[in-house]
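Colleague: This is the structure I have questions about; it appears just below.
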Amino acid sequence: MFNEIISEHFMNPRNVGKMSNPDFVIEIGNPICGDTVHMFLQVDSNSIKDVSYLSYGCSTSIATASILSEVVKGKTFNEIASYQKSDVIKWLGELEPAQNHCVDIGYNILSECAKPKQRKLTENNFLVEDGGALT
Amino acid sequence: MFNEIISEHFMNPRNVGKMSNPDFVIEIGNPICGDTVHMFLQVDSNSIKDVSYLSYGCSTSIATASILSEVVKGKTFNEIASYQKSDVIKWLGELEPAQNHCVDIGYNILSECAKPKQRKLTENNFLVEDGGALT
Amino acid sequence: MSPDIYLDNNATTPLHEDVYRKMRYSLKYQYGNPSSNYEIGINAKKSIQYARNNLAEFLNAEPEQITFTSGATESNSTAIIGYCLKNKSKNHIITSSIEHPAIMEACKYLQVSHGFDVSYLPVNKDGIVQINHLASLITPKTSLVTVMMVNNEIGSIQPIKKIGALCKALDIYFHCDAVQGAGKLPIDVKELNVNSLSLSAHKIYGPKGVGCLYIEDKNQLYPLLHGGAQEMGFRSGTENVTGIIGFGQAVECLMDHWINDIQHITFLRNKFIGQLNQHLTDWSINGGNTVPSTLSLCIHGIRGEALAYALSQMGVFVSIASACSSSSSKLSHVLKALGKSQEEIRSTIRVSFGRQNTIQEIEKAINILVTTTSKLRSFSPMMVN
Amino acid sequence: MSPDIYLDNNATTPLHEDVYRKMRYSLKYQYGNPSSNYEIGINAKKSIQYARNNLAEFLNAEPEQITFTSGATESNSTAIIGYCLKNKSKNHIITSSIEHPAIMEACKYLQVSHGFDVSYLPVNKDGIVQINHLASLITPKTSLVTVMMVNNEIGSIQPIKKIGALCKALDIYFHCDAVQGAGKLPIDVKELNVNSLSLSAHKIYGPKGVGCLYIEDKNQLYPLLHGGAQEMGFRSGTENVTGIIGFGQAVECLMDHWINDIQHITFLRNKFIGQLNQHLTDWSINGGNTVPSTLSLCIHGIRGEALAYALSQMGVFVSIASACSSSSSKLSHVLKALGKSQEEIRSTIRVSFGRQNTIQEIEKAINILVTTTSKLRSFSPMMVN
Ligand SMILES: Cc1ncc(COP(=O)(O)O)c(C=O)c1O
Ligand SMILES: Cc1ncc(COP(=O)(O)O)c(C=O)c1O
Ligand code: FES
Ligand code: FES
């Protein structure tokens, strides 16, 4: 049901955890299924030096955060900006239809990492309750 | 599907065969299923000395002829006349619903043997063809 | 327990040794529910997929067109009732007069309970429907035609390809009960132009209680069993995993050696008939243009029921065309449709050969048949007088 | 191949050793068709009769009231569709909001394809229907009521006896899906006043692809499968002899030791919950008044899907109440009916115990569950922030 890449990253997610003083934070949420990724970045002028994240979601979305964290770590913003959705598809490997929206989660992480703006997490920082909207 | 009595008599029918000079013949037929028994009797003034028969029919009806031939052989006409349908039921043992009409075949043999009248077989002596009537 | 000589392979067949081995293993170890997302569940699901691929290859269909069922009876009811109730604007069904009850009764249900009209195609003296007859029965109200591939009682082969072409030309749904055709004739659903087609595993050395329904386009039919959306949503119910594995293996074996099996069976049949010719008089074969595995024998002067019972007591197992019964409604509708008399029908036994039968068995069976027939005829008023 | 720790016994169960042994033998040697009149056929027929007697004893029914089917899905479709289509003058069905799809979808078929109205009984926060609610939904048009005995997701026990009494008083047909009740509660069809009741063999250590339908009076229903008039004319199709033998044996085993099984399972459950209490925070049990074998756990802060997958990778097999899917329509309708939030539903796993589970397995499973939960929570934004 899960391909090898997803399965391996899910069981051994890289770079997990909170960061005490991140330069930037990224908040990704899927308003329908409620998957949430909080990513923390340390950057210098043109690249991401270090990355960590918290992830609430299904196996594939946790694996996606892990895979993307490895991709962006140590890369320049230009490099990150040059990736396409097709690259995300390649990194995640073959997915079942129900898992396909993780490509969007991955691509959203990528886009945000290319131009990080947000400094702090918002107050209510994960998705809850019926309707599945960010609260 | 068949009880022991029926099965044993069917596989080893007693008294089978034609008789060269019978004193009486008995013709039993079931107009619906076409079972036919031709029974041949040698008699003295008050009893059946010898018996034989030909039988065309299903297993139970062949066994029935055999069982009845043993019953009537050596018996007086009075004895034979004293038997009831319930005796036939006892002799044949437990039957499946589809075999029940063999009780009638047996009882018919018994009734005819009690007062044999017919000297010779009729011309067309078995049941054939659609409709199942004696031809 | 195991019979001496089993010659009733049209009724059911013993398991192929490979099928038995796979099923035994599966029963013990592959108990996962195919809907589960962990190893033993996924394993069960893959096994089903493997079997589905085998079936698809066997019929020249796509795997998605194969639905596993509990047998051909369910397959037939699904196709006939599922199509007709979903397409009620037409309410006329045509079937043949020699179908298996699994077709007849589904049609009758639609007739009695849902107001459909049913026409029955006659057959010629060989037991074969005529394409012109079919054409003449078709009306603008004709919704579905269903004709079997091979008859189970006499083995006659029906002109399925011609019927398929006609129905396709007239845009009429065509279902085929191919239970007795599998392993005996090549089956190519595309070439035959059938819209659906039924098989039963236990007729081809697989297990009882499993079958399949090929359906060209499932949107045309209602499902018959409703629930958890197994079988790609069309046939609900936890899958008979072990049975399906057995079915898939049976078909795999068939694809390997059905040609050899047929040669072997043809040899047995020829031997059987040759010996009968030599040693017995007053008998005939019912039907014509038949598959070699089926031999419907009319043995004059004695009852099929009595003969079959005597044979079974001697360890030879065959079946009959009429139960011991005083009711003529119990007489084979197939032989009636061939124009056989009551007496002929009552004198008929069916011998059906299987791949496991040996030449030694056939020789022994013939001996027993000849002896038993002679014994029963020796006191039959039809033969003695 | 065999899993480390199988805790998904509501999905399906492994075969009881006695069942396996009987089926293995039957597969190989009892291949006769039960409709045949020679030894191996008669033997098969007797085996079916033996199994039928076991089922009748188990349910306190008459053997003639037991029909073997391909599973509870077929049983449910037969009862619901068979009764409603034969009694079309009334066209209103009442069911509960927590039924298995095998009931829900049969009702929906009648609604969409045959114009029936369907009402859904709500449940309280324990997941139990209220008899007063049922009474208030009944109208002169109410044809059939169908409520399950025990819910499959949360294990809540329904007031079947009360429902039976009410339906009887109002002369309304009452069908009960007892699949998850068998082996967990005593079932007496007379005492419960059900008109029909379904079981599935593979939930009680029997084979997949076999079930039965108890029917008080078959004249009230149409059959679903039409053909050769097997099963006393009500359910056609060559019998799944080996499967039925396995089912009969499974029930025989159950009658022997279900009380012991329940004690054992209660012990396992208490151990499990005790350990959870000691080692894990932020979790709760969904539903109340449940059978001991079912434990629906909401584990806050992580997804059931992710937890179940991680557990399966560690050799512990459980199931979930919601697939990995962005579609909320895939969320458990049962937990929704209990009033659970999307987040609670997505955080739920179902642990279901079986007679073969050992205390060692439970201890190991708890360890793995606690470790895995802690790991997933260690990077969950809901738990860390
Ligand atoms: C309550 C309930 N009803 C019906 C079924 C359907 O049984 P089966 O899939 O064996 O037909 C199940 C199990 O899947 C069930 O748990
Ligand atoms: C031609 C034909 N169709 C359908 C069936 C029904 O198959 P099953 O009893 O396995 O459902 C049979 C066998 O009994 C058959 O010979
Ligand atoms: S058919 Fe006449 S006795 Fe059986
Ligand atoms: S439910 Fe959102 S990725 Fe699976």
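Throughout, read-outs are computed from the coordinates displayed, never taken from laboratory work. A quick note: this is a predicted structure, and the numbers were derived from the prediction, not measured. Heads up, the Cβs are rebuilt from the backbone with ideal geometry, glycines too, and the neighbour counts pull from every protein chain shown.
Colleague: Assuming R0 = 41 Å, can you tell me the calculated FRET efficiency for the pair D:Lys161 and C:Ile259, based on Cβ-Cβ distance, to the nearest 0.05?
Modeller: E between D:Lys161 and C:Ile259, to the nearest 0.05, is 0.10.
Colleague: Moving to a separate point now. How far, in degrees from 0 to 90, does helix C:101-114 lean away from the longest principal axis of the Cα atoms of chain C, to the nearest 10?
Modeller: Relative to chain C, helix C:101-114 is tipped by roughly 60 degrees.
Colleague: Something else now. Given a cut-off of under 8 Å on Cα pairs at least six residues apart, what relative contact order in percent is computed for chain C?
Modeller: Over chain C, the number comes to 22 percent.
Colleague: Of the DSSP beta bridges with both residues in the protein assembly as shown, give the percent that are antiparallel, rounding to the nearest 5.
Modeller: Among the beta bridges of the protein assembly as shown, antiparallel pairing accounts for roughly 65 percent.
Colleague: For B:Lys115, list the lysines whose Cα falls under 30 Å from its own Cα; do not include residues on the same chain fewer than 8 positions away.
Modeller: Within reach: B:Lys18, B:Lys49, B:Lys73, B:Lys75, B:Lys85, B:Lys90.
Colleague: May I ask for the angle, rounded to the nearest 10°, between helix C:359-378 and the longest principal axis of chain C, with both axes built from Cα atoms and the value confined to 0 to 90°?
Modeller: Result, in degrees: 50.
Colleague: Among the lysines, which have Cα under 22 Å from the Cα of C:Lys330 when same-chain residues fewer than 8 positions away are ignored?
Modeller: Straight-line reach from C:Lys330, under 22 Å: C:Lys108, C:Lys125, C:Lys340, D:Lys45.
Colleague: While we're on this one: Need one word for the protein assembly as shown: rounded, prolate or oblate. Basis is the Cα gyration tensor (sqrt eigenvalues a ≥ b ≥ c); a/c below 1.5 gives rounded, then a/b vs b/c decides.
Modeller: It comes out prolate by the Cα gyration axes.
Colleague: Let me ask something else about it. Can you grab the distance from the C-alpha centre of the stretch D:119-160 to the C-alpha centre of the stretch D:161-192, Å, no decimals?
Modeller: With the stretch D:119-160 and the stretch D:161-192 each reduced to a Cα centre, they are spaced 12 Å.
Colleague: Here's something else I'd like to know. Using the Karplus equation 6.51 cos²θ - 1.76 cosθ + 1.60 (θ = phi - 60°), what ³J(HN,Hα) coupling, rounded to whole Hz, does each residue of the stretch C:81-97 give in order, writing x for Gly and Pro?
Modeller: Taking θ as phi minus 60°, the curve returns 6, x, 6, 5, 6, 7, 10, 6, 5, 10, 9, 10, 10, 10, 9, 9, 7 Hz for the stretch C:81-97.
Colleague: How many angstrom lie between the Cα centre of the stretch D:343-385 and the Cα centre of the stretch D:1-68?
Modeller: 36
Colleague: Next question, about the same structure. Ignoring everything except DSSP H segments at least 4 long, calculate the 222 nm mean residue ellipticity for the protein assembly as shown; use -39,500 (n - 2.57) per segment, divide by total residues, nearest 500.
Modeller: -13000 deg cm²/dmol
Colleague: Let me ask something else. Rounded to the nearest 0.05, what FRET efficiency is calculated for A:Glu94 and D:Ser113 with R0 set to 45 Å and r the Cβ-Cβ distance?
Modeller: 0.75
Colleague: Here is a follow-up. I want to make sure I understand the PRE zone here: with the label point 7 angstrom from the Cα of D:Val370 toward its beta carbon, which residues in the stretch D:242-274 have backbone N atoms less than 11 Å away?
Modeller: It comes to D:274, nothing else.
Colleague: Among the trypsin sites (Lys or Arg not before Pro) within the stretch D:61-131, which fall in a DSSP loop and have no more than 14 other Cβ atoms within 10 Å of their own Cβ?
Modeller: Passing sites in the stretch D:61-131 are D:Lys88, D:Lys125.
Colleague: What shape does the stretch B:1-130 have by the C-alpha gyration tensor, where a ≥ b ≥ c are the square roots of the eigenvalues, rounded means a/c under 1.5, and otherwise prolate means a/b greater than b/c and oblate the rest?
Modeller: Oblate.
Colleague: Helix C:241-279 versus the longest principal axis of chain C: what is the Cα-based angle in degrees, 0 to 90, to the nearest 10?
Modeller: In chain C, helix C:241-279 runs at an angle near 20 degrees to the longest axis.
Colleague: How far, in whole Å, is the nearest Cβ of chain C from the axis relating it by rotation to chain D, and which residue carries it?
Modeller: Output: C:Ser70, 2.
Colleague: Can I ask one more? For peptide C:278-287, what's the mean number of Cβ atoms from other chains within 10 Å of each residue's Cβ?
Modeller: So the per-residue partner count for this stretch is 0.
Colleague: From the square roots a ≥ b ≥ c of the eigenvalues of the alpha-carbon gyration tensor of chain D, which class results: rounded (a/c under 1.5), prolate (a/b over b/c), or oblate?
Modeller: oblate
Colleague: Another one. For the stretch C:126-217, what is the number of Lys pairs with C-alpha distance below 16 angstrom, counting only pairs 8 or more positions apart or on separate chains?
Modeller: Lysine pair count for the stretch C:126-217: 6.
Colleague: Relative contact order for the stretch A:4-114: what is it in percent, counting Cα pairs under 8 Å that are at least 6 residues apart?
Modeller: 28
Colleague: Peptide C:299-305: average number of partner chain Cβ atoms within 10 Å per residue?
Modeller: That works out to 4 on average.
Colleague: Share of antiparallel DSSP beta bridges in the stretch C:17-254, in percent to the nearest 5?
Modeller: Bridges in the stretch C:17-254 that DSSP calls antiparallel: roughly 40 percent.
Colleague: Can you put D:Arg377, D:Arg235, B:Arg119 in order, fewest other beta carbons within 10 Å first?
Modeller: Listed from fewest to most nearby Cβ atoms, that is B:Arg119, D:Arg377, D:Arg235.
Colleague: Straight distance only, please: which aspartates and glutamates reach the Cα of C:Lys271 with their own Cα at less than 12 Å, same-chain residues fewer than 8 apart left out?
Modeller: C:Glu361, C:Glu363
Colleague: Moving on. Please report the net charge: other residues with Cβ closer than 9 Å to the Cβ of B:Ser61, K and R +1, D and E -1.
Modeller: Net charge around B:Ser61: 0.
Colleague: For B:Ser20 and C:Lys330, what does the FRET efficiency come to when R0 = 45 Å and r is the distance between their Cβ atoms, rounded to the nearest 0.05?
Modeller: 0.75
Colleague: Continuing with the same structure: Take every Cα pair under 8 Å in the stretch C:272-366 that's 6+ residues apart, average their separations, divide by the length, and report that relative contact order as a whole percent.
Modeller: It rounds to 34 percent for the stretch C:272-366.
Colleague: Report P(r) for the stretch C:78-180: all Cα-Cα distances, bin width 10 Å, range 0 to the bin holding the largest distance, values in whole percent.
Modeller: Taking all Cα pairs of the stretch C:78-180, the binned fractions are 16, 53, 29, 2 percent.
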